[in-house]
Structures are given as C-alpha cells and as structure tokens.
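Visitor: The following block contains the structure, expressed as structure tokens.
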Amino acid sequence: QVQLVESGGGLVRAGDSLRLTCAASGLTFRKYNLVWFRQTPGKEREFIAASKWIGSNVYSTYYSDSVKGRFSIARDNAKNIVYLEMNSLKPDDTAVYYCAAAEQWETDYQATTSYQYWGQGTQVTVSS
C-alpha cells in the first residue's frame with residue numbers, strides 16, 4: 001500500500017524559511033515522479049514543484065512561476081523522502097501543502113489528475 005505523509009508545516013513570518021518533508025512508503029521510490037501542490041480555500045489545487053525521474057539516479061525539476069527562485073524540491077532516495085525547501089516566504093504562500101506521486105510522467109504534469117497517490121497535507125501559514 002502506497003502512503004505519503006507530509007510534515008514540517010507551521011506558522012512563520014514573511015521572509016522566513018521552512019522545509020517540508022514528505023515520507024513515502026509502499027513504492028519503488030527512486031523511479032517515481034514526486035510533486036508538491038498547495039491549496040487555499042476557494043481556489044484550485046496549485047502545482048508547485050516536481051521531481052521527474054529520467055532514469056538511473058538522474059532527475060529533472062520543474063517549478064511554477066509563483067515559486068521559482070524561492071522554493072526548491074529535493075529527494076533522499078535512501079530515506080524515501082522528498083523535501084520542499086521554501087525561502088523568502090510571503091503571505092500568499094499560505095496554504096495546505098500536499099505531496100503526490102505517480103509512476104508515469106504525464107505531459108500535463110501540473111494537473112492533479114496526473115497523480116495517483118496523495119498525502120493528507122500540512123498547513124503553512126505566513127503572517128505579514
């Protein structure tokens with residue numbers, strides 16, 4: 001059974017940094033595509049970052065325009081963990097952050113329907 005568990009959320013001030021963690025189990029971690037989404041009330045779930053498995057131990061990364069240059073996705077295959085490093089946080093970054101996984105890379109990688117497995121989310125609140 002595939003399971004994804006997010007952690008690391010909390011209340012921070014604008015300009016602060018935070019690292020989110022997603023622990024995975026029940027999948028061949030190294031070959032899976034892993035992504036982060038976020039969602040605020042009244043809005044669609046928004047793509048944030050992706051780690052695409054190319055082959056062997058090679059990965060490529062993708063970021064939304066809203067976080068590019070501030071956030072970074074990284075993975076530790078030995079620990080089955082994917083991170084989201086968040087820097088220069090803004091109040092607009094306030095959301096529930098979710099990690100998701102899929103074995104097959106889809107052209108529409110920013111769509112929630114491209115991912116079969118999801119965590120329960122972790123709340124990030126950025127005060128002004």
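The values are calculated or read from the model by the stated rules, or taken from the named source; none is laboratory data. Keep in mind the model is a prediction, meaning the values are calculated, not measured. Note that we place each Cβ from the backbone using ideal geometry, even for glycine, and neighbour counts take in every protein chain shown. For the accessible areas, the whole protein counts, side chains as well, though only heavy atoms, and no ligand, DNA or RNA atoms are used. Shrake-Rupley method; radii C 1.70, N 1.55, O 1.52, S 1.80 Å.
Visitor: Sort through Ala74, Ala102, Ala95 and tell me the only one that's closer than 13 Å to Tyr117 by Cα and of a type in the set (Gly, Ala, Ser).
Guide: Ala102
Visitor: Something else now. How many of the residues in region 54-89 are farther than 18 Å from Gln3 by Cβ, in contact with a strand residue (DSSP E or B) (Cβ under 6 Å, 6 or more places away or on another chain) and not aliphatic (A, V, I, L, M)?
Guide: Selection size over region 54-89: 9.
Visitor: Which pairs do you get when a residue that is under 25 Å from Val124 (Cβ atoms), found in region 98-109, comes within reach of a residue that is open to solvent by 60 Å² or more (accessible area, probe 1.4 Å) and aromatic (Phe, Trp, Tyr), reach meaning Cβ atoms under 7 angstrom, with the pair 6+ apart or on two chains?
Guide: Tyr98/Trp118; Ala100/Tyr117; Ala100/Trp118; Ala101/Tyr117; Tyr109/Tyr62
Visitor: While we're looking at this one, here's another question. Which of the residues belonging to region 8-38 are part of a strand (DSSP E or B) and open to solvent by 60 Å² or more (accessible area, probe 1.4 Å)? Explain how you work it out, then say what you get.
Guide: Start the filter on region 8-38 by keeping residues that are part of a strand (DSSP E or B), which leaves 10-13, 18-25, 33-38.
Hits for region 8-38 are Leu11, Arg13, Arg19.
Visitor: Assuming Pro41 fulfils every condition listed in (1) without any contact (Cβ under 8 Å) to a residue 60 or more places away in the chain; (2) of a type outside the set (A, V, I, L, M); (3) open to solvent by less than 40 Å² (accessible area, probe 1.4 Å) apart from one, which condition is it?
Guide: (3)
Visitor: Select, from Ala78, Ala74, the only residue that is free of Cβ contacts under 8 Å to residues at least 24 places away in the same chain and open to solvent by 50 Å² or more (accessible area, probe 1.4 Å). It would help to see each step written out before you state the result.
Guide: Values: Ala74 fails: open to solvent by 50 Å² or more (accessible area, probe 1.4 Å).
Exactly one residue qualifies, and that residue is Ala78.
Visitor: Sort through Thr28, Thr40, Thr61 and tell me the only one that's β-branched (Val, Ile, Thr) and modelled with pLDDT under 95.
Guide: Just a single option satisfies the conditions, and that option is Thr28.
Visitor: Regarding Lys52, is this residue among the basic types (Lys, Arg) and in a loop (DSSP other than H, G, I, E, B)? Break it down stepwise before answering.
Guide: Numbers: among the basic types (Lys, Arg): yes; in a loop (DSSP other than H, G, I, E, B): no.
The answer is no for Lys52.
Visitor: Please verify whether Val124 is in contact with a Lys or Arg (Cβ under 7 Å, 6 or more places away or on another chain) and either of a type outside the set (Val, Ile, Thr) or in contact (Cβ under 8 Å) with a residue 60 or more places away in the chain (or both), treating the condition exactly as stated.
Guide: no
Visitor: Next question, about the same structure. For Asp93, only one of the following conditions fails: (1) of a type in the set (Asp, Glu); (2) in contact with a Lys or Arg (Cβ under 6 Å, 6 or more places away or on another chain); (3) crowded, with 21+ Cβ neighbours inside 10 Å. What is its number?
Guide: With (1) of a type in the set (Asp, Glu); (2) in contact with a Lys or Arg (Cβ under 6 Å, 6 or more places away or on another chain); (3) crowded, with 21+ Cβ neighbours inside 10 Å applied to Asp93, the lone miss is (2).
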